[in-house]
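Read-outs throughout are calculated quantities, based only on the coordinates presented, and are distinct from any laboratory measurement. The structure presented is a predicted model; accordingly, all values stated were derived computationally and were not measured. Cβ placement follows ideal geometry from the backbone for every residue including glycine, while neighbour counts extend to all protein chains displayed.
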Amino acid sequence: MLYHCSHNIDTKILLENIVGCEELSQERTYYADGCIEVDELPNKPGRWKMGDWYYEYNDKGNWMRWKKDGELIKYTWYNKQKVKGSYFNANEQLIENEVKKYMELIGVRAWAWRFLKLMPDDKMIWHIDNPVHAPCSINIALKDSAPIVFDDGEFEYKCALINVSDKWHTVKTGKTERLTFKIVPKEPFEVVKEKLSLAGFLL
């Protein structure tokens, strides 16, 4: 689910160069309209109600869930997903150089990265990421390490490998801006865990 780890990334470079990344503000209200009541969630796109929760499985292979009809979700991505090999501006290239340095030490060949920002009045939806596009995530807390939340507990971290494609999760907002840098290795959680361990980064 979550393993604490370390990294060799210069976080000052991340913070200084986020200004060159595209800001994508996300705001959506989730309603119960069109949710079909089921006893078991089907593995296909649609909107469902099971127990006390409303669910949506979109055509990108991501699951979302919410409890209140009309629940407002709001947060900000920077760069959405910047994938290795795509065009980088000068700021993004400095960030990519830091990520590459880390990934090469671990032995990961393909990755993506992005920033997630939540202000105190923002809210992230409960979700499970697509296992193809985001099999796992290495998160680095840059500002306000408010916890990530799973069904069975809350965890604070400075840097952690997280199983985002298998477990329902959301995050809490803090008293100030919560800023996280997310590296998405294009390899399964258990494989990345082993590589982090062999490279001496798993705590």
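In this rough spin-label picture, where each label sits 7 Å from Cα along the Cβ direction, the Asn43-Ser6 distance is 4.0 nm.
Among the chymotrypsin sites (Phe, Trp or Tyr not before Pro) within segment 55-121, those in coil by DSSP and having at most 10 neighbouring Cβ atoms inside 10 Å are Tyr87. A Cβ-based charge dipole, computed about the Cα centre of the chain with Lys and Arg at +1 and Asp and Glu at -1, lands at about 460 debye.
Taken along the Cα-to-beta-carbon direction at a fixed 7 Å, the label points for Asp33 and Ala110 span 3.8 nm. Taking a sphere under 10 Å around the Cβ of Asn139 and counting the other residues whose Cβ falls inside, with K and R at +1 and D and E at -1, yields a net charge of +2. When you restrict to C-alpha pairs under 8 Å that are six or more residues apart and normalise by the size of the chain, the relative contact order lands at 26 percent.
Estimated at 0.36 nm per residue, the fully extended path between Lys101 and Glu154 surpasses their Cα-Cα distance by 16.1 nm. Compute the acute angle (0 to 90°) between the alpha-carbon long axis of helix 189-198 and the principal axis of greatest extent of the alpha-carbon atoms of the chain; round to the nearest 10°. Here the helix axis deviates by roughly 20 degrees. Segment 174-199 and segment 103-134 have Cα centres spaced 8 Å apart. The residues packed around Lys167, meaning those with a beta-carbon under 12 Å from its beta-carbon, carry a net charge of -4 if Lys and Arg are +1 and Asp and Glu are -1.
May I ask you to list the aspartates and glutamates whose Cα is less than 16 Å away from that of Lys80, ignoring any residue fewer than eight positions away on the same chain? Those aspartates and glutamates meeting the cut-off are Glu22, Glu23, Glu27, Glu92, Glu96, Asp129.
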